[in-house]
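For reference, the structure discussed in these notes is given below.
The values are calculated or read from the model by the stated rules, or taken from the named source; none is laboratory data. Predicted model, so just to flag it, every value in this text is computed and none were measured. Ideal geometry is used to build each Cβ from the backbone, glycine not excepted, and the neighbour counts take in all protein chains shown. Side chains included, ligands, DNA and RNA excluded: accessible areas come from the protein's heavy atoms. Shrake-Rupley method; radii C 1.70, N 1.55, O 1.52, S 1.80 Å.
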Amino acid sequence: MDKVVSLCKRRGFVFQSSEIYGGLASIWDYGPLGIALKNNIANYWWREMTQLHDNIVGVDAAILMHPQVWKASGHVDGFVDPLVDCKQCKARFKAQDLIKQWRAKKKLAAISDGEIPDGGEGDIEQLMKVRWPEAACPSCGTTGNLTAPRQFNLMLKTFLGPVEESAAVVYLRPETAQGIYVNYQNVVNTARVKLPFGIAQIGKAFRNEITPGNFIFRTREFEQMEMQFFVPPADATEWLVKWCDKRFKYYKKLGIRPDKLRLHQHTPQELAHYAADAYDIEYEFPFGWQELEGIHNRTDFDLKRHTEFSGKDLSYMNEETKERFVPYIIETSSGLNRTLLTCLVDGYYEDTQDGEARTVLRLAPEIAPFKAGVFSLVKKDGLAELADQLANDLRKVGAVFVDHSGSIGRRYRRMDEIGTPWGITVDYQTKEDQTVTLRDRDTLEQLRIKMNELPGWMAAKLVVG
Ligand code: GAP
C-alpha cells in the first residue's frame, strides 16, 4: 500500500488537500494523472450503465437538497454512529470498533456491565446500552474514563441564507441516491421510461467519518456512481441477483483480478435501515477484504417515505394491466475513488527488465490516463517532427504523451509506471517505410506497424464490449 501511495504522490495521481497548510484530514486532491484516471473510470461506468442499457437514463441532481429529504430518507435519525469518548485523553472511538477489539481479545465479559451485542456490532439500539466501567482507553491506557456511547450524526451541515443563525440548515448529501428518488416522477413524466428501468448518477457525497483512512479508501468527501433500478415488487429478488451478477462481471471487465473479488451477503444486523437484502462486492485490499460496491434491495422504502413527507403520490401505473403500485428499488452503489484505488492496487507490479527494476501499473487501456507514449529515437533529422505529427493523429482517439529526450528504455519505464499501455517509437526506418515500433506494456512484445494504421488500431483496441 505504501508503494501505491508513494507512486500516487511522485507521479501526480493524488495529493493531500491543502498540503501547503499541513493538509486537511481525510480529504484528497487529484493531480493531472489522477483526474484523467478518475474521469476515465467515471466515463467507463457511465457508458456501461447508460449507453449499454437501453432502459437506464441519467440525471445530475444538486448536492444541496431540501432538508426534509433527509428526514424522509431516515438519515437525520438513522445515519448515526454511537461514539465513546475518553474523559482523560479526549480520544473518540466508534463503539463498534471497541467491541470488535475487545471481542478479539476475549475481554468483553470482564469489562462490560451491559448487554453485549452478539455478533451484531451494527445494531445501534444494542450498542447504546453497552457500558464499560472498568475498561482501559485504547489510546491513553487509563481505566474508568470511557463514557457511555453517544449518537453522532455523520451528515455534514451548512447554512443557506444571509445570516447564519436564522438561515435554514441544509446537509451536504451523504449519498447521491436521494437526488434520484426526488426526481423519479420527473423522469417518468419526461423520459418515456417503463418499468423496469434505471436512473444513474455520478456525484460527490460527504460523510463526517469517525475513522476515515487507508489513503483514499474512506474519506470525508468522495464520489459515488449510483444506479437505482425501479421494478415491480414481485420481481425485486430476481433483479437483485441479476444486478449482483452484472456488477461482478463489470469489475472483471475493468481488469480487476477475479480471485481478488468476492460477494458478501449482509447479515440481518449489517443491513442498512432501508434494505431488505443486500450484497457487497468486496476486494482484497492490502488491509483486508473491504466493500467496493453495495447492491441493495431497498424495497419501496424510499418512494413511500418521500410520498409521506412530500405529500406527492409516487406510485406507478402499469398502463397494460391498469395496476397501480409503488415500485421496489434495486440499487447499485459504487465508490469512484474506491474503484480508482482498487485499479491502482490491483494493477501495481514490480519486475526486472534488462537488469533494471521496473514498476508497472497494469491499468485497462480504456481507463489509462495516457493510451500511448510517442517517442522519437533522436530529436534531430526530422524524427521529432514525425513523432509530433503521429501524436496529433492519435490524440483524436485518446490522450498520448510525447517525449523526445532520454534513453528509450527509460522513457518506456516512465510510461509503464503510470499505466500507459503502448509505447511507440519513431526511428530512422520510419522515414523509409513509414512504420514505427509498437511496444506492449504487459507482454513487452514489439512489432512494426504503419503509422497511418495506428489511429485505427488504437481505436479498435479501446472499444469496450
Ligand atoms: N446509497 C447507498 C450507499 O451510499 P454505502 O454502502 O454507504 O451505500 C456505497 O456506500 C459505496 O460508496 C461504498 O461501497 C463505497 O465504495 C463508497 N463509499 C461510501 N463511503 C465512503 C467513504 N467515506 N469514502 C469513500 N468511499 C465511500
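For the reader, a short list of remarks on this structure follows.
- Rounded if a/c under 1.5, otherwise prolate or oblate - region 1-94, Cα gyration tensor axes: oblate
- Whichever lysines have a C-alpha closer than 29 Å to that of K106, once near sequence neighbours (fewer than 8 apart) are set aside: K87, K90, K94, K129
- Residues of type lysines that K249 reaches as a straight line, Cα spacing below 22 Å, ignoring anything fewer than 8 places off in the same chain: K38, K260, K461
- Formal net charge of residues neighbouring T435 (Cβ-Cβ distance under 11 Å; K, R +1; D, E -1): -1
- Across Y279, Y412, Y21, Y184, the residue with the most accessible area heads the list, and the full order at a 1.4 Å probe is Y21, Y279, Y412, Y184.
- Where F206, F309 fall by accessible area, highest first, once all protein chains stay in place (1.4 Å): F309, F206
- A simple packing score, the average count of other Cβ atoms within 10 Å per residue, orders the peptides 429-440, 312-323, 91-102 as 91-102, 429-440, 312-323, with the highest score first.
- When E48, E356 are compared by accessible surface with a 1.4 Å probe, the order from highest to lowest is E356, E48.
- Added length on full extension, which subtracts the Cα-Cα distance from 0.36 nm per residue, A276 to D54: 77.2 nm
- Computed over the chain: relative contact order in percent, which uses C-alpha pairs under 8 Å that are six or more apart: 12
- The residues packed around K71, meaning those with a beta-carbon under 11 Å from its beta-carbon, carry a net charge of -1 if Lys and Arg are +1 and Asp and Glu are -1.
- Longest to shortest principal axis, alpha-carbon extents of the chain, angstrom: 82, 67, 50
- Dividing the helix sum by the residues of the chain, where each DSSP H run of 4 or more adds -39500 (n - 2.57), gives a mean residue ellipticity at 222 nm of -8500 deg cm²/dmol.
- Of the trypsin sites (Lys or Arg not before Pro) found in region 129-218, those that fall in a DSSP loop while having at most 11 other beta-carbon atoms within 10 Å are R192.
- Take E221: with every protein chain present and a 1.4 Å probe, its accessible area is about 60 Å².
- For the chain, DSSP calls about 85 percent of its internal beta bridges antiparallel.
- Where a label projected 7 Å from the Cα of D313 along Cα→Cβ would reach, residues of region 43-71 with amide N under 14 Å: none
- For V80, the accessible surface of its heavy atoms amounts to roughly 20 Å² (probe 1.4 Å, protein chains only, rounded to the nearest 10).
- Fraction of accessible area attributable to carbon and sulfur, region 1-58 (%, probe 1.4 Å): 53
- Translational D in µm²/s for region 352-465 (Stokes-Einstein at 37 °C, 0.692 mPa s, Kirkwood Rh from C-alpha pairs): 233
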